[in-house]
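Bear in mind that the values in this text are calculations on the coordinates, not laboratory data. None of the values given here were measured: they were computed from a predicted structure. Cβ sites come from the backbone with ideal geometry, for glycine too, and all protein chains shown count toward neighbours.
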């Protein structure tokens with residue numbers, strides 16, 4: 001049955017067509033380079049922000065930016081090689097980033113309650 005025949009039968013059948021006309025084409029080297037450039041820029045911005053800022057919330061946001069840059073690179077390589085390994089690792093990476101964000105928020109709240117400041121130097125004075 002052709003696609004034109006299905007369109008004539010009604011709009012309900014168009015949503016049920018799942019097959020693609022052709023397999024996805026491989027990503028060219030130029031496109032991969034663009035994605036990797038964006039990932040590198042994101043990672044460098046996150047690294048510079050982490051190393052230069054003293055506010056804990058900004059530092060953890062920069063860490064998440066570096067995680068997202070790694071995710072972009074993994075997905076770009078996954079699409080370039082036409083497999084799903086990079087996408088699977090990206091799901092794990094997002095899970096780790098969510099756990100890191102939860103722990104970071106708990107530590108920031110603890111520090112703010114004890115010292116009334118979000119300066120990273122305050123961590124050196126906390127001893128258990």
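Compared with the direct C-alpha span, the chain from residue 109 to residue 26 gains 25.2 nm at full extension, assuming 0.36 nm per residue.
Quick check on packing: order 24-33, 86-95 by the mean number of other C-beta atoms within 10 Å, highest mean leading. Walk me through the numbers on the way to the answer.
Working: 24-33: 11.1, 86-95: 14.2.
Result, highest mean Cβ count within 10 Å first: 86-95, 24-33.
Rounded to two decimals, what is the ratio between the C-alpha radius of gyration of the stretch 27-116 and 2.2 N^0.38 Å? Present the calculation step by step, with values, prior to reporting the outcome.
Numbers: Rg = 15.7 Å, N = 90, 2.2 N^0.38 = 12.2 Å.
That works out to 1.29 for the stretch 27-116.
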